[in-house]
Amino acid sequence: MKSLTKLSLPGMGVMAALMLPLAASANAEELRWGASRDMDSLDPYSYGSTFTISTLNHAYEGLVRYDDQLKIEPALATSWEDISPTVRRFHLRKGVKFHDGAPFTADDVIASLTRVSDPKSPLRGNLPAYQGAEKIDDYTVDIKVTENYPLILNDLTNIFIFDKEWLVANNATAPTDVGAGVEGYATTHANGTGPFKVVSRKPDVETVFEVNKDWWDKPRHNIDRIVFTPIASPATAVAALLSGQIDYMEKAPLQDIPRLKQTEGVQVLASNELRTVFFLFNRAEKLVADGAKNPFNDIKVREALYRAIDIDVLQRKVMRGLSRNTGSMVAPAIPGYVADLDERLGYDPEKAKALLAEAGYPDGFSFTMVCDNNVYVNEEEICQAVSAMWARIGLKPSLDTAPTSIQTVKFESGKFDVGILGWANEPMIDSYSILVQVAHSKTGTSGVFNWGGWKDAEVDQLIDAAAKELDREKRLALQSKALLKLKSNVDFLPLHQQPMAWALGPKVKSVVQLSDNKSRHWLTVLK
């Protein structure tokens, strides 16, 4: 657990116009969470959103989990062992109940794994080596993976377990997909085994969690109730924190950190998280913008866009000096990172113009640039700034920013020329995550987030070899080689590891903030 620093700030002025639809009253056991966005769904399988999954981790649990040091520990499974190079046996925790009182058994594990690995499941990429599961008895399950796959425990930290009978009774055995507009009973209802129960939900307004008094684990928190309220406006969220309407915000605006640091009773945690933010290219034959031949299939064009980004200006002006500039697709703490990855191509707008001319585009070209505006830190400002930098070398980007609920459909259907993505390599905490889900060609469970149809046979071979290598050092060497190949080919344009900043009101005594930037309020203590 990291210590908290008390900070102070001058008076705020009139706040009457900023009143929010939060709970009318609160006691010492209620945590009022002013969230930067809403969950996409109450179904943790509905979209590969780290924020949604981490929030739902208050209600749902997996067979294993990360502890407060990001080390894997037992959860709904108490132990496990290898039966063969392709089978790992899990012994399940007895006496666990779902929120509706139903007992937890092996049938629930089988049903959940079947649902999440369905070809239509948006989260199937989180189990890239999964081959099937078999019930041995009510409290023993064998999970089958590709031969010698080394990361199945890491994968399972984010695969939450549903009650099979609840799924069947509510016609929810099939996965939902928020990006494709596919919803179901699990979209708006929840029934897990976790430390808190979802007792009410109004999308985009409020979700209320109450403590699960029958939770199998020993609580380290003292919270009876969590009121989760999405607040789209950062200024409104800060005002709500300073006026006492909320107690916690997991995305404090960078521009407001100096103010927050001056407010008596306010606590702030600020650091860099594991997530790397980068631009990606659609590698189809033709541009979405006008149907012309796609220039982004030319490495000279991709390099030109890279060299046109003044990363120091971006860090200083947009990220308030708090991001970590990088040439790498993974953060230094992620296994598979090597120092050579961090070396960026130098900022050189004249070189960028020359490269465009060599590629046959001396007058530039038009393209669509698709960005979310509610996912990554200062994402809209990043895209605006980079769009202007690209315009200075003669390019004509058409910037399209909107909430992720709108942009996800465009990304998944390939309706973009350049897009932005952030990847924290969760739940694996390993570079294999971004390699298999983003860099690998779209085949089977690989390439789920390969939105632009990029493909490199050598990269695929390195990733596939790493998936079967049990020797950790050899496996990481293969992954590092794949990352270096992506870098030399300028397949993506890395920017930075983004900052994270949490702000806490006077009622919060302590929280656990880890580099994965996930809220874990089953570890939060109120005063």
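Considering only region 380-390, I want to know if a residue exists there that is of a type in the set (D, E, K, R), open to solvent by 50 Å² or more (accessible area, probe 1.4 Å), out of contact with any Lys or Arg (no Cβ under 6 Å at 6 or more places or on another chain) and more than 25 Å from Gln255 (Cα to Cα). No. The set of residues from region 413-430 being open to solvent by 10 Å² or more (accessible area, probe 1.4 Å) and in a loop (DSSP other than H, G, I, E, B) comprises Ser413, Gly414, Lys415, Glu426, Ile429.
If you go through region 201-210 and keep only what is open to solvent by 30 Å² or more (accessible area, probe 1.4 Å) and either of a type in the set (Asp, Glu) or not in a loop (DSSP other than H, G, I, E, B) (or both), you end up with Arg201, Lys202, Asp204, Glu206, Glu210.
Only a single criterion out of (1) over 29 Å from Ala308 (Cβ atoms); (2) surrounded by fewer than 20 Cβ atoms within 10 Å (Cβ to Cβ) is not satisfied by Leu484, namely (1).
It is to be established whether one or more residues within region 187-200 are farther than 30 Å from Val318 by Cα, part of a helix (DSSP H, G or I) and open to solvent by 30 Å² or more (accessible area, probe 1.4 Å). Walk me through it before giving the result.
Taking region 187-200 and keeping what is farther than 30 Å from Val318 by Cα, we get 187-200.
Those left that are additionally part of a helix (DSSP H, G or I): 187-188.
Subset that is open to solvent by 30 Å² or more (accessible area, probe 1.4 Å): 188.
Yes - at least one qualifying residue is present in region 187-200.
Restricting attention to region 264-317 and to residues that are of a type in the set (Gly, Ala, Ser) and in contact (Cβ under 8 Å) with a residue 60 or more places away in the chain, the residue that is surrounded by the fewest Cβ atoms within 10 Å (Cβ to Cβ) turns out to be Ala292. Would you check which residues across region 440-474 are open to solvent by less than 10 Å² (accessible area, probe 1.4 Å) and under 15 Å from Tyr337 (Cα atoms) and list them? Of everything in region 440-474, those that are open to solvent by less than 10 Å² (accessible area, probe 1.4 Å) and under 15 Å from Tyr337 (Cα atoms) turn out to be Ile463, Ala466.
Do the conditions hold for Asn373, that is, is it open to solvent by 40 Å² or more (accessible area, probe 1.4 Å) and more than 30 Å from Lys481 (Cα to Cα)? Even if it seems obvious, please write down each step before you answer.
Working: open to solvent by 40 Å² or more (accessible area, probe 1.4 Å): yes; more than 30 Å from Lys481 (Cα to Cα): yes.
Yes: the conditions hold for Asn373.
Cβ-Cβ contacts under 6 Å between residues 6 or more apart (or on different chains), taken from a first residue in region 100-118 that is closer than 19 Å to Arg89 by Cα and open to solvent by 10 Å² or more (accessible area, probe 1.4 Å) to a second residue that is at pLDDT below 95 and aliphatic (A, V, I, L, M), are listed as Ser117/Leu127.
Which one is modelled with the lowest pLDDT, of the residues in region 159-186 that are assigned to a loop (DSSP other than H, G, I, E, B) and open to solvent by 10 Å² or more (accessible area, probe 1.4 Å)?
Within region 159-186, the first condition is being assigned to a loop (DSSP other than H, G, I, E, B), and the residues that meet it are 159-163, 170-176, 181, 183-184.
Next, only the ones that are open to solvent by 10 Å² or more (accessible area, probe 1.4 Å) stay: 170-171, 173-175, 181, 183-184.
Working: Asn170: 98, Asn171: 97, Thr173: 97, Ala174: 95, Pro175: 93, Gly181: 87, Glu183: 94, Gly184: 95.
Here the answer is Gly181.
Looking across region 216-237 at every residue that is open to solvent by less than 70 Å² (accessible area, probe 1.4 Å) and part of a strand (DSSP E or B), the one that is farthest from Thr524 (Cα to Cα) is identified as Pro230. For region 240-251, a residue qualifies if it is open to solvent by 10 Å² or more (accessible area, probe 1.4 Å) and within 26 Å of Lys317 (Cα to Cα), and the qualifying residues are Leu242, Glu250, Lys251. Restricted to region 148-158, and to residues there that are touching a helix residue (DSSP H, G or I) at 6+ places or on another chain (Cβ under 7 Å) and outside any helix (DSSP H, G or I), the residue that is farthest from Trp80 (Cα to Cα) is Asn158.
The values are calculated or read from the model by the stated rules, or taken from the named source; none is laboratory data. The structure presented is a predicted model; accordingly, all values stated were derived computationally and were not measured. Methodologically, a virtual Cβ is constructed for each residue, glycine included, from the backbone with ideal geometry; neighbour enumeration extends over all protein chains shown. Side chains included, ligands, DNA and RNA excluded: accessible areas come from the protein's heavy atoms. Shrake-Rupley method; radii C 1.70, N 1.55, O 1.52, S 1.80 Å.
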